[in-house]
Amino acid sequence: MGEIKVSPDYNWFRGSVPLKKIIVDDDDSKIWSLYDAGPRSIRCPLIFLPPVSGTADVFFRQILALTGWGYRVIALQYPVYWDHLEFCDGFRKLLDHLQLDKVHLFGASLGGFLAQKFAEYTHKSPRVHSLILCNSFSDTSIFNQTWTANSFWLMPAFMLKKIVLGNFSSGPVDPMMADAIDFMVDRLESLGQSELASRLTLNCQNSYVEPHKIRDIPVTIMDVFDQSALSTEAKEEMYKLYPNARRAHLKTGGNFPYLCRSAEVNLYVQIHLLQFHGTKYAAIDPSMVSAEELEVQKGSLGISQEEQ
């Protein structure tokens, strides 16, 4: 039990990457927590947004690998926001505070939905250069809980945790997936009542993505073929919404592939970010990109354009 929490990788990460706390709202109880790693010279980093149960450190395997390859990566933890507009306004202020004009977003589940809503919110003055949507959705009505969304704030923490745990895999899983679930349960335990209630409210409040506002943004849809909290219908809806999106399919990985299938996830993230190498929106230090890699990238771009 708790293998990830005591692993050398996780402990090295916690010991070497500081957790920063930033307040950008007038209400100083709204605190963003984040890990910012990699070269500060990069002005268009990749930002990770966690699921309902997640904290910023659930992406530690992406931070360790991607920064090792020269990428700038930021992993976030949300303050307590009760509606999507309030979240988007707070996130915009955070990017202003960090002096980041445009960013790439990787969102897992709720994080993916919020990433799409933020891209939609800023479509007139774009702040999102690309999206990676992992096990995500485009319409909160898929959870059939829009009617309870306004009552989460009243529920005690143990009841909220029970609701979230109901979406975790209960069947037989391989050891790496079991470790990922244990780690996410541990992270869930670290969240307070208001944090959980607000995230569940954002997850279930009646809302959907308006695709015409973000159709020009490069998107990669990452999902798993085994058991996850997302229905097949929700996945199909995402494919319809983004017909030109690249698809990154993992045979297995459950709800948390970034923890239990991190090598595959990291590879798909690299493939997604390759298309921006050599531009001002590259998330990688140019000195870390080999000439050979750039040639491969040009070739793959030519192929993907021919396919379209």
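The values are calculated or read from the model by the stated rules, or taken from the named source; none is laboratory data. Not measured: the values here are computed from a predicted model. In this analysis, Cβ positions are derived from the backbone assuming ideal geometry, glycine residues included, and neighbour counts consider all displayed protein chains. Just so you know, the surface numbers come from the protein's heavy atoms only, side chains and all, with ligands and any DNA or RNA stripped out. Shrake-Rupley method; radii C 1.70, N 1.55, O 1.52, S 1.80 Å.
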Carbon/sulfur accessible area of the stretch 23-67, % of total, 1.4 Å probe, equals 48
FRET efficiency, 1/(1 + (r/R0)^6) with R0 41 Å, evaluated for Asp96 and Glu3 via beta carbons | 0.55
Phi angles of the stretch 195-212, converted by Karplus (6.51 cos²θ - 1.76 cosθ + 1.60, θ = phi - 60°) into ³J(HN,Hα) in whole Hz with x for Gly and Pro, give 4, 5, 4, 5, 5, 5, 5, 4, 6, 10, 4, 4, 6, 8, 7, 9, x, 5
Stokes-Einstein D in µm²/s, Kirkwood radius over Cα pairs - the stretch 152-215 at 20 °C with 1.002 mPa s viscosity = 156
Rounded accessible area of Trp153 (nearest 10 Å², 1.4 Å probe) | 150
Given a cut-off of 22 Å, name the pairs among Lys93/Lys161; Lys213/Lys240; Lys21/Lys161; Lys213/Lys235 whose C-alpha atoms lie farther apart than that in the structure shown.
-> Lys93/Lys161; Lys21/Lys161
Starting at the first residue of the stretch 5-13, write each ³J(HN,Hα) from the Karplus equation 6.51 cos²θ - 1.76 cosθ + 1.60 with θ = phi - 60°, in whole Hz, x for Gly and Pro.
-> 4, 9, 6, x, 4, 5, 5, 5, 4
Which residue, Leu46, Leu64, Leu110, has the most motion in a Gaussian network model of the chain that connects Cα atoms within less than 10 Å?
-> Leu64
Within the stretch 32-57, find all residues whose amide N lies under 16 Å from a label point positioned 7 Å from the Cα of Asn167 along Cα-to-beta-carbon.
-> 49-56
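Could you work out the Kirkwood radius for the chain, taking every pair of different alpha carbons, averaging 1/r and inverting it, reported in Å? Intermediate results must be reported in sequence, preceding the final value.
Numbers: mean 1/r = 0.0509 Å⁻¹.
Across the chain, the inverse of the average 1/r is 19.6 Å.
Rolling a 1.4 Å sphere over the protein heavy atoms, what is the accessible area per residue of the stretch 9-307, to the nearest Å²?
On the way: 13070 Å² over 299 residues.
Heavy-atom accessible area per residue stands at 44 Å².
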Expressed in nanometres to one decimal, the distance between label points 7 Å along Cα→Cβ at Asp174 and Asp26 is 5.2
